[in-house]
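Before any comments, here is the structure.
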Amino acid sequence: MNFSTNYNWEGKVLLVAEDEDFNFIFLEEILMDTKARIIRARDGQEALDFIQSVPEIDLVLMDMQMPIMNGYDATRNIKKINKNMPIIAQTAYHYGEAYEEIMAAGCDDFVSKPIDIGGLKDMIDRFLF
């Protein structure tokens, strides 16, 4: 992947649904240079609440294993509100049944943990533009 690519997502709003502090800080750090506004949801219910209250959100990075409401249920509910909202799943499980379940929930794509930084930025860029 090309890490020298300069992404400019100024004016874009990304919702990062991630309950683990370390994982959120990692994502925030790698996305900081894109100039996108980052909003954090700590669970699936909070992600759903943000979708309903912040219409500027352009894309969701969704951890699939979260408390209160998991990423699968949050994705299904978000797609009922806005079927065109791009949702990228973040998961440690990316094969077989897990992949099928992620896609069946309505996610548009997924990234595996550990995350390939260049691959993630390329993917987000495709959905934003």
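The values are calculated or read from the model by the stated rules, or taken from the named source; none is laboratory data. On a predicted model such as this, the values are computed, not experimentally measured, just so you know. Every residue, glycine among them, receives a Cβ derived from its backbone with ideal geometry; neighbour counts consider all protein chains shown. Note: accessible area is taken over every heavy atom of the protein model, side chains too, but ligands, DNA and RNA are not part of it. Shrake-Rupley method; radii C 1.70, N 1.55, O 1.52, S 1.80 Å.
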Quiz prompt | Estimated [θ] at 222 nm from DSSP helical runs (n ≥ 4, -39500 (n - 2.57)) normalised by residues in the chain, nearest 500 | solution = -12500 deg cm²/dmol
Quiz item: Taking the chain as a Gaussian network, Cα atoms linked when under 10 Å apart, which of Met32, Met69, Met85 shows the biggest mean-square fluctuation?
Solution: Met32
Quiz prompt | Among Ile57, Thr91, Ile39 - extreme Cα towards positive end, dipole of the chain, charges at beta-carbon | solution = Ile57
Quiz prompt | Of Leu128, Tyr7, Ile117, farthest towards positive along the dipole that unit charges on Lys, Arg, Asp, Glu beta carbons give the chain | solution = Leu128
Self-check item: Sum of side-chain charges, Glu10 neighbourhood, beta-carbon under 12 Å (Lys, Arg +1; Asp, Glu -1)
Solution: +1
Quiz prompt | the chain: relative contact order as a whole-number percent, Cα under 8 Å and 6+ apart | solution = 23 percent
Quiz item: Only one of the listed values, (1) 16.7, 52; (2) 13.4, 38; (3) 18.5, 62, was derived from the coordinates as Rg and Dmax of the Cα atoms in Å; which label is it?
Solution: (2)
Quiz prompt | Accessible-area order (highest first, 1.4 angstrom probe) of the listed residues Met123, Met103 | solution = Met103, Met123
Quiz item: Mind checking the dipole of region 66-129: about its Cα centre, +1 per Lys or Arg Cβ, -1 per Asp or Glu Cβ, Debye to the nearest 20?
Solution: 280 debye
Quiz item: What part of the accessible area of the chain, given as a whole %, is carbon or sulfur when the probe is 1.4 angstrom?
Solution: 49 percent
Exercise. State in Å² the accessible area per residue of the chain; use a 1.4 Å probe, count heavy atoms of protein chains only, and round to the nearest integer.
Key: 53 Å²
